[in-house]
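K.L.:
There's a structure below that I have some questions on.
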Amino acid sequence: MTPHHSTTPRKNRRYTMANDIITINTVSQLHEMFGYEKPKHPLVTVIDVKKLKNNADFVGVRMSSEMYMISLKDHDCGMLYGRSHCDFEEGILAFYEPGQVITQTEKIEAGIQSGWMLIFHPDLCLNFFVKFYSY
């Protein structure tokens, strides 16, 4: 099931849906979900939070990813992390691993927040270690 910036989250079946949790499996799926152009690399992306398209269709939707994410934002991001609310008024540095569940709690207009999100697939690390430790 694919949340897309112009439709409701339950209309497209491209993403995995289990127990009412939408799972994003690839960087390309993430880009499609937020209405971005295709990623320049299949395993890693950097997103400018100021340009993040976060529409009301995602509010209350539980999402999980098969990727790692490092997020640096200048204030509260309106997210539930598992059952806990991320409540940091002066900024947040968050680290997410594959399989963790987040829930958007409010719509945030583009340009309100600033910061960066680094998102990468575990295969990126695998490729690095295989090349680094190969003889």
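K.L.:
Starting from region 110-126, take each residue that is surrounded by fewer than 18 Cβ atoms within 10 Å (Cβ to Cβ) and list its partners that are among the acidic types (Asp, Glu), counting only C-beta distances under 7 angstrom and pairs at least six apart or across chains.
P.N.:
Hits for this filter: Ser114/Asp74; Trp116/Asp48.
K.L.:
Could you run through region 40-60 and say how many residues are of a type outside the set (A, V, I, L, M) and surrounded by 18 or more Cβ atoms within 10 Å (Cβ to Cβ)?
P.N.:
Quick first cut of region 40-60, residues of a type outside the set (A, V, I, L, M) only: 40-42, 45, 48, 50-51, 53-55, 57-58, 60.
Cutting the leftovers down to surrounded by 18 or more Cβ atoms within 10 Å (Cβ to Cβ) gives us 45, 54-55, 57-58.
The qualifying residues number 5.
Any read-out appearing in this document is the output of simple, stated calculations on the displayed coordinates, not a laboratory observation. Because the structure is predicted, anything quoted here is derived from the model rather than measured. Cβ atoms come from the backbone with ideal geometry, glycine included; neighbour counts cover every protein chain shown.
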